[in-house]
Amino acid sequence: MSKTKIRSNRKSSISTVGESLKELLKAYRIQGKFDATRLTSSWERLMGRPIARRTKRVFIKDRKLFVELSSAPLKHQLVLSKDIILDIFEREFGQNMVDDIIFI
């Protein structure tokens, strides 16, 4: 009797949980949605509680971040600080997740 080796589609190398998660997101083509959710859920942590309390809604559409605010003076300040906010997002997430921010 001879033993035959069964072929497996699995990788022979060991990967970390993070690498496996990235592969899974890529395989199911949901990396963009995952990144968008991560960014919008990080709004309060990145911008601070005072800004988050005056924020009604945050969402991403067509690589643009839409931020609905309840304060006109805050909206004006954030419009002037748009480039700084984009830099904060790029440093935090390591990539350009959004091209522009629209304050409404």
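The values are calculated or read from the model by the stated rules, or taken from the named source; none is laboratory data. Predicted model, so just to flag it, every value in this text is computed and none were measured. Cβ coordinates were reconstructed from backbone atoms using ideal geometry, including for glycine residues, and neighbour counts include every protein chain displayed.
A few notes on this one:
- With respect to the conditions (1) at pLDDT below 90; (2) surrounded by 11 or more Cβ atoms within 10 Å (Cβ to Cβ); (3) hydroxyl-bearing (Ser, Thr, Tyr), Ser13 lacks only one, and its number is (2).
- Just one of the listed residues (Lys56, Lys26) is assigned to a strand (DSSP E or B) and exposed (fewer than 13 other Cβ atoms within 10 Å of the Cβ), and it is Lys56.
- In the range 67-77, the count of residues that are within 21 Å of Lys33 (Cα to Cα) and either touching a helix residue (DSSP H, G or I) at 6+ places or on another chain (Cβ under 7 Å) or modelled with pLDDT of 90 or more (or both) is one or more.
- Taken as a whole, the range 69-79 holds no residue that is within 17 Å of the chain's Cα centre (by Cα), surrounded by 13 or more Cβ atoms within 10 Å (Cβ to Cβ) and either more than 23 Å from Gln31 (Cα to Cα) or of a type in the set (Phe, Trp, Tyr) (or both).
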